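One structure is given here, and the rest of the page talks about it.
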Amino acid sequence: MHRRTFLQTMSFALAAGTLGVATRKTLASGSAPTITLDAATYRRERRHAHLPCGDVAYLDRGRGPATLFLHGFPLNSFQWRGVIAQLSGERRCIAPDWLGLGYTHVAPGRAVTPAAQVNMLIALLDLLHVVTVDVVANDSGGAIAQCLMTRHPERVRTLLLTNCDVENDSPPAALQPVIEMSRKGRFVDQWLAPWLADKALARSPQGIGGMCYQFPEHPTDEALDYYLSPLCQPAQKPWVHAYALGLTPNPLAGIEPQLKHSRVPTRILWGTGDDIFSQASPDYLQRTLGNPRGIRRIPGAKLFFPEEYPDVIVEELRRLWAA
């Protein structure tokens, strides 16, 4: 049976209650989300904040309590389009592109380290007159979220962490080839540019798809164009490399005591198919955080699973906020 037909058939069975919730989420997330934002809409709604660190690209959609979405590397805020589409009817969704990534333009001479990213976030929130936020983060965005939470605890109401750095796994060993290529100025040309030119290669086991996504149709052609096109521009390449190099030495070194004292309610979602970050990390976070709200493991999901499972992110956020 064709995979899409199979998924549709299973969806009817699930609606009738014949399968458990965990199975329903796994199967349903294999197909495109029913509500999402396409690249044209995202591009049309994208704004730029003129800050001392540069012109920061961001999406600001919806009204209500503010939620801040922090993306992974080498993606941009488009990663959160499915979640934002579902939540912007009840929440103000703010999703910036990191300094050095996406459609943000860094001012000359500025740093793009995690510490600089935290300063950028505070400047952006101040510009938008946002006092406190609920934070959702993935990958290196999770490292930056931990820095934000510990350095500016008064600005963070809740935190939802997905697969990301922790103090004893930052940067992860799997990132070392990227760091070394970036040190030589070759990462974009050796990996990102070929993926942009050949979408099948990008989704192969040797590409970002096979390494970081569970389902073979991800990332889509549209997502690959939106993620990689700006990074392959000549002027942007040095900033991409600087972002990678900014992840070493360990930006979370010494953070554990601050995490233990944190009172920010923090929920952990972890894809079990991820072989970039350690599968021991969610348990480390659970026993280290001062106000943990438990772990949910997503069977088979890889590093960038928030893009494939927006319904799970939305479900868990609403549960965290309600608590």
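Here segment 94-144 was treated as a single set of alpha-carbon atoms; its pair distances binned every 5 Å from 0 give 4, 18, 31, 30, 14, 4, 0 percent.
With the simple model of a label 7 Å out from the Cα in the direction of the Cβ, GLU222 to ALA323 spans 3.4 nm. If you plug the beta carbon distance of ARG297 and HIS50 into 1/(1 + (r/R0)^6) with R0 = 41 Å, you get a FRET efficiency near 0.50.
The residues neighbouring ASP60, those whose beta-carbon lies less than 11 Å from its own, together hold a net charge of +4 under the Lys/Arg +1, Asp/Glu -1 convention.
For the chain, what Kirkwood radius comes out of the mean inverse Cα-Cα distance, in Å? One decimal place: 19.8 Å for the Kirkwood radius.
How big is the dipole moment of the chain about its Cα centre under a simple scheme where the beta carbon of each Lys and Arg is +1, that of each Asp and Glu is -1, and everything else is neutral? Debye, nearest 20, please. The partial results should precede the final answer.
Details: 33 positive and 29 negative charges, 114 e Å.
I would put it at about 540 debye.
Can you give the longest stretch of the chain with no exposed loop site, where a site means trypsin sites (Lys or Arg not before Pro) in a DSSP loop (not H, G, I, E or B) with at most 14 other C-beta atoms within 10 Å?
Details: sites that count: ARG63, LYS184, ARG186, ARG263.
My reading of the result: 64-183 is the longest stretch.
According to the Cα gyration tensor, what semi-axes, each the square root of 5 times an eigenvalue, does the equivalent ellipsoid of segment 177-323 have, listed from largest to smallest in whole Å?
Details: eigenvalues 187, 87, 35 Å².
Semi-axis lengths for segment 177-323 are 31, 21, 13 Å.
Per-residue extension of 0.36 nm, minus the Cα-Cα distance of ARG63 and ARG287, leaves a gain of 77.2 nm for this segment. In percent, rounded to a whole number, the relative contact order of segment 44-322 is 21, using alpha-carbon pairs under 8 Å and six or more apart. Taking Lys and Arg as +1 and Asp and Glu as -1, the other residues whose beta-carbon sits under 13 Å from that of ALA85 total -2. Any idea which of PRO96, LEU128, ALA280 is furthest toward the positive side of the dipole for the chain, if Lys and Arg beta-carbons carry +1 and Asp and Glu beta-carbons -1? Most positive-ward Cα: LEU128. Fully extending the segment from ALA193 to ALA173, taken as 0.36 nm per residue of separation minus the present Cα-Cα distance, adds 4.9 nm.
Give, as a single signed number, the net charge of other residues whose beta carbon lies under 11 Å from the beta carbon of PHE187, with Lys and Arg counted +1 and Asp and Glu -1. Let's see the in-between values first.
Working: positive: ARG183, LYS184, ARG186, LYS237; negative: GLU180, ASP189.
That works out to +2.
Any read-out appearing in this document is the output of simple, stated calculations on the displayed coordinates, not a laboratory observation. Keep in mind that what you see is a predicted model, and the values were worked out from it rather than measured. Cβ coordinates were reconstructed from backbone atoms using ideal geometry, including for glycine residues, and neighbour counts include every protein chain displayed.
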